[in-house]
């Protein structure tokens, strides 16, 4: 199975929940964002990308988040990896690293992991329906 096939659910989730914006904007959590949810250095007011730039960054970032999750929790099945990499893509690897969610996953407590995902639905201090849906889609990939 190719890396692209292995991460198919991750690409699907990111595209579904991030959408693609070719002009930088401030997301509900107050972070400058562009493309398929890309943040970080070089993303700010007035920045614009082509579709090719957004797609290339999606590929690069998705693979980096998947590698980071695999390092923290080795041995995940592809669907589990995609769910947790999407969580990390959305919230950052640090959120996964220190979370009760990770402790539940590492213990093989998938019911507990799904319950933990449902708690991560706030952006900018508000409960966001988009995050409720995203966490439910991630949870649906877990055993």
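The values are calculated or read from the model by the stated rules, or taken from the named source; none is laboratory data. Everything numeric here is computed off the predicted structure, so don't read it as measured data. When we count neighbours, we look across all protein chains shown, and the Cβ atoms used for this are built from the backbone with ideal geometry, even at glycine.
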(request) Identify all residues within region 43-52 that are without any contact (Cβ under 8 Å) to a residue 24 or more places away in the chain and over 13 Å from residue 33 (Cα atoms); write none if there are none. (result) 52
(request) Sort through 79, 97 and tell me the only one that's more than 18 Å from residue 40 (Cβ to Cβ), out of contact with any strand residue (DSSP E or B) (no Cβ under 9 Å at 6 or more places or on another chain) and either modelled with pLDDT of 95 or more or surrounded by fewer than 19 Cβ atoms within 10 Å (Cβ to Cβ) (or both). (result) 79
(request) Looking only at region 24-35, count how many residues are surrounded by 11 or more Cβ atoms within 10 Å (Cβ to Cβ) and touching a residue at least 24 places away in the same chain (Cβ under 8 Å). (result) 4
(request) For region 64-72, state whether one or more residues are in contact with a strand residue (DSSP E or B) (Cβ under 6 Å, 6 or more places away or on another chain) and surrounded by 13 or more Cβ atoms within 10 Å (Cβ to Cβ). (result) no
